[in-house]
Amino acid sequence: MHSRRYSALARTLSGVLAAVLATSCSLTPSPETPEIVQGIEALPTFDGASERSTDESSRLGWWAAVGGDELGEYVDVLRKDSLVLAEARLQALQSRELTRQARSARLPSASASVDATSTRVPGPNENGIYTEDYTGSLAASFDTDVFGGLRASERAAQLNALAAELTYRATEQREIATLAKNWVSAATLQRRLDLANSIAESFRATYELTDQRYRAGSSSSSASDVQIALQNYDTARVDIPDLATQLATQLLAIDEQLVRLPGQTAAAFQGQFQPEYNAAALLGQPASLLANRPDVAAAELRYRAALEDVGAARANLYPALSLTAALTFQSETPSDLFDWGEHIGSLASALVQPVFQGGRLRSQVRLDQARAEELAAAFARTTLGAVIDVEIALANLAGLDEQRERLIAAVTSARISDDIAQSRYRQGLTSILAVLETQRGLNTAQQNLILIEQALLNAQIDLFLGLGGVWIN
């Protein structure tokens, strides 16, 4: 008898659910691609693409082309220990938990309770008569979500969780790029320090040769020549302490980024690299940025999530239908509490229609609509900014490439001039001023070449970052 009763109850519940789900609908607006994004998707190529490579394999571990195995080891440490990445990773985890909470709101909820009551009533003796009552209940409820508000909220949470994961990826790429630039800066400072010591040594040799000639009574050297040579030697040493300080500071910045104790990077720093300037890999079409740039993809997901919030807010304007089923058991003894002969079953539905909320619900719709429009603009801005990032990096690479070629020629020419002047000075055929002039010209050209190579590497890093780097698993 009881089984037939509950079979009928289950059939009734199933019928109500089927009717509700058949009439359910979604009030979420359809996404619209911003005009500037449509224009970018239609571009055949980047404006500064020229004849550059589109080999995707060159993106994998791109930092190896910058700093070799040493920088590769630093990147491994960064991904494992970075506090910045830990924060972004935990933010993504929080978003995933919010998705689980949004999903659970659409599922039926169930609860169970047991109550015991002891009551004293007057009786024939002074203690009276005590009676005990035990009540057990099982209840389940389900929000039918007729207008899809809960489903819209769940989709919004899912999209925001995906956006948080992509934001983590974008943060990872930025941190790797920052680390690469810090490493390039430290390696460049090491090269500049080595060059400064070499320049000082060159001026020292010139000073000693001039002094020896003067002391030997050579007519090609004078006290003024000795003083000029000494002045240039002293001047050449001025920048050495500052370069050493900058290098130490830069290595400490790497320590901080890798969560190391101060001085740990300096103890093993090599700073050896052979710059490679084939950085414009995987240009493809600008539309590929929508897939390759995690920040662009995240911006689009947040816009779509905001549209789902609009749908959820609209659904709150309409009636909400909930179903509740309950079983209640009563007994005077615990052992008979769940006796099927002592129970009450119920199935109820409730239809709730908002009547007056002081305009709050409609205001929430307008608020969410404005938020969606804001995020659509942010999506467009992020996409346009991504394309501009690539174009700027390409323009920098083109200009710096040309500068580097000219500086290489200038260094070669200055070295020849210096060799000639040094040779003629040793033979007593030219003055110390000519030697010092050619030395300064060579030193300036060498310093500028080092700085241009640093700028080229930074532009290469900017291009890889602008293209979305590589999404590491």
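The values are calculated or read from the model by the stated rules, or taken from the named source; none is laboratory data. Everything numeric here is computed off the predicted structure, so don't read it as measured data. A quick note on method: Cβ atoms are made from the backbone with ideal geometry, for glycine too, and the neighbour counts reach across all protein chains shown. Just so you know, the surface numbers come from the protein's heavy atoms only, side chains and all, with ligands and any DNA or RNA stripped out. Shrake-Rupley method; radii C 1.70, N 1.55, O 1.52, S 1.80 Å.
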If we keep only residues of segment 169-190 that are within 14 Å of Ala459 (Cα to Cα) and of a type in the set (S, T, N, Q), then the residue surrounded by the fewest Cβ atoms within 10 Å (Cβ to Cβ) is Thr178
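Okay, residues lined up against (1) at pLDDT 90 or above; (2) buried (at least 20 other Cβ atoms within 10 Å of the Cβ); (3) not in a strand (DSSP E or B):
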residue: Arg96; (1), (2), (3): yes, no, yes
residue: Ser137; (1), (2), (3): no, no, no
residue: Ala161; (1), (2), (3): yes, yes, yes
residue: Thr167; (1), (2), (3): yes, yes, yes
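In this structure, is Gly128 surrounded by fewer than 20 Cβ atoms within 10 Å (Cβ to Cβ), modelled with pLDDT under 85 and at positive phi?
On the way: surrounded by fewer than 20 Cβ atoms within 10 Å (Cβ to Cβ): yes; modelled with pLDDT under 85: yes; at positive phi: yes.
Spelling it out, Gly128 is indeed surrounded by fewer than 20 Cβ atoms within 10 Å (Cβ to Cβ), modelled with pLDDT under 85 and at positive phi.
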Just give me the residues in segment 195-229 being under 53 Å from the mean Cα position of the chain (by Cα) and more than 14 Å from Tyr425 (Cβ to Cβ), in sequence order. Leu195, Ala196, Asn197, Ser198, Ile199, Ala200, Glu201, Arg204
Those residues of segment 226-253 which are over 19 Å from Gly441 (Cβ atoms) and open to solvent by less than 30 Å² (accessible area, probe 1.4 Å) amount to Val226, Leu243, Leu247, Leu251
Checking Glu276 against (1) touching a Lys or Arg at 6+ places or on another chain (Cβ under 7 Å); (2) at pLDDT below 90; (3) among the acidic types (Asp, Glu), which test does it fail? (1)
May I ask you to list the residues in segment 24-64 that are open to solvent by 50 Å² or more (accessible area, probe 1.4 Å) and modelled with pLDDT under 50? Ser50, Glu51, Arg52, Ser53, Thr54, Asp55, Glu56, Ser57
Inter-residue pairs, beta-carbon under 7 Å, first over 15 Å from Trp183 (Cβ atoms) and in segment 439-458, second outside any helix (DSSP H, G or I), 6+ apart: none
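Scan segment 380-390 for residues that are open to solvent by 40 Å² or more (accessible area, probe 1.4 Å) and within 16 Å of Glu35 (Cα to Cα) and jot them down.
Quick first cut of segment 380-390, residues open to solvent by 40 Å² or more (accessible area, probe 1.4 Å) only: 381, 384, 388-389.
The answer is Arg381, Leu384.
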Consider segment 205-225. How many of its residues are in a loop (DSSP other than H, G, I, E, B), at negative phi and either surrounded by fewer than 20 Cβ atoms within 10 Å (Cβ to Cβ) or touching a strand residue (DSSP E or B) at 6+ places or on another chain (Cβ under 6 Å) (or both)? 5
Pairs needed: first member in segment 416-434, assigned to a helix (DSSP H, G or I); second member anywhere, among the β-branched types (Val, Ile, Thr) and open to solvent by 40 Å² or more (accessible area, probe 1.4 Å); C-beta distance under 9 Å; at least 6 residues apart or different chains. Ile432/Ile228; Leu433/Ile228
Selected residue (criterion: farthest from Phe273 (Cα to Cα)) from residues of segment 65-80 that are acidic (Asp, Glu) and open to solvent by 70 Å² or more (accessible area, probe 1.4 Å): Asp76
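Just to check your reading of the model, which residue among Ala421, Ala393, Ala350 is among the hydrophobic types (A, V, I, L, M, F, W, C), open to solvent by less than 50 Å² (accessible area, probe 1.4 Å), under 41 Å from the mean Cα position of the chain (by Cα) and at pLDDT below 95? Outline the logic, then answer.
Details: Ala421 fails: under 41 Å from the mean Cα position of the chain (by Cα); Ala350 fails: under 41 Å from the mean Cα position of the chain (by Cα).
Just a single option satisfies the conditions, and that option is Ala393.
Do the conditions hold for Leu327, that is, is it assigned to a strand (DSSP E or B) and either open to solvent by 50 Å² or more (accessible area, probe 1.4 Å) or modelled with pLDDT of 85 or more (or both)? Don't jump to the end; show me each part of the working.
Working: assigned to a strand (DSSP E or B): yes; either open to solvent by 50 Å² or more (accessible area, probe 1.4 Å) or modelled with pLDDT of 85 or more (or both): no.
No; evaluated as a whole, the condition is false for this residue.
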If we keep only residues of segment 141-159 that are open to solvent by 40 Å² or more (accessible area, probe 1.4 Å) and not in a helix (DSSP H, G or I), then the residue nearest to Arg314 (Cα to Cα) is Phe147
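Is it true that Ile254 is part of a helix (DSSP H, G or I), modelled with pLDDT of 95 or more and not polar (S, T, N, Q)?
yes
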When you go through Glu453, Glu405, Glu437, Glu391 one by one, which is the residue that is over 30 Å from Ala200 (Cα atoms) and not hydrophobic (A, V, I, L, M, F, W, C)? Glu391
In the set Ile240, Ile228, Ile199, which member is among the β-branched types (Val, Ile, Thr), assigned to a helix (DSSP H, G or I), on the phi < 0 side of the Ramachandran plot and at pLDDT 95 or above? Ile240
Just to be sure I understand the filter: pairs with C-beta atoms under 8 Å, separated by 6 or more residues or on different chains, first member in segment 295-323 and more than 26 Å from Thr382 (Cα to Cα), second member part of a strand (DSSP E or B) and at pLDDT 90 or above. Which pairs pass? none
